[in-house]
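Shown next, in structure tokens, is the structure this report addresses.
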Amino acid sequence: MADSMTQSAQISSSQGLADGQNSVAAKDSKMSDSFLSSSPVSLIQSPQVKDLVHWRDPKKSGVVFGLSLLTLLSLAAFSVISVISYLLLALLCVTISFRIYKAVVQAVQKSDDGHPFKALMEKDVSVPPETFRKHVDVSLTHINRFLKQLRKLFLVEDLIDSLKLAIVMWLLTYVGAVFNGITILILGKRLLQQCTETQIDHYMEITRTQVNTTMAK
């Protein structure tokens, strides 16, 4: 009787350990899945980014690439503080001008439409704590992995990898003497636009055909 009770206790404890291990494994798999789904690679491969890169919506892609190129050129010519100040000043000029214009229109028409940005002001722009914690955890995972890799490279855990890093850094000193970071970003952006030039030409040909057909009618 005592032996059977001991065996049953051992079986239940082993089942409990197995269940605990399974739950831990399931939790680890969920964490790894969430990590992979929120990685920069998955962000680059997202449908929204692909639509922008392949110019499936020419208006949206043109606005995004035009503004990004203008920002990069501004950063190449001015300091970061000046660029941010000018951008915010331009945004304020637009919003203040529109606010005054709507106020004058409402005064002339004697209407009571209220604040022109009322719909935008009523939107919730606060960041949920869960979302903030999730992004902080993902960022912390990347930072810890990066710090571990730096420790391996600079403390010469693998001599070949450390020598490769030294060669890359030595080559980057020559690159930095010719280009700065903003120039490299502008060149990379230009290269990306050249890679998608076929899609742009296709949409331009469609637009040109539609304009010619409309003019003929």
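Using only the Cα atoms of the stretch 61-217, what are the Rg and Dmax in Å?
In order Rg, Dmax, the Cα atoms of the stretch 61-217 give 25.3, 79 Å.
Please give every one of the lysines within straight-line cross-link reach of Lys123, meaning a C-alpha to C-alpha distance under 21 Å, and leave out same-chain neighbours fewer than 8 residues apart.
Lys102
Given a Förster distance of 45 angstrom, what is the FRET efficiency for Gln106 paired with His135, based on the Cβ-Cβ distance and rounded to 0.05?
It comes out at approximately 0.60.
Roughly how many nanometres apart are two label points built 7 Å out from the Cα toward the Cβ at Val63 and Gln48?
With each label placed 7 Å out from Cα toward Cβ, I get 1.3 nm.
Would you mind computing, in nm to one decimal, how far apart the modelled labels at Leu87 and Phe146 are, each placed 7 Å from Cα along Cα→Cβ?
Distance between label points: 2.0 nm.
Label-point separation (nm) for Thr71 and Met169, each offset 7 Å from Cα along Cα-to-Cβ?
Result for the modelled spin labels: 3.1 nm.
Identify all lysines with a Cα-Cα distance to Lys189 below 18 Å; exclude those on the same chain that are fewer than 8 residues away in sequence.
Within reach: Lys50, Lys59, Lys60.
Readers should treat all values here as calculations from the given coordinates under stated rules, not as data from a laboratory. None of the values given here were measured: they were computed from a predicted structure. In this analysis, Cβ positions are derived from the backbone assuming ideal geometry, glycine residues included, and neighbour counts consider all displayed protein chains.
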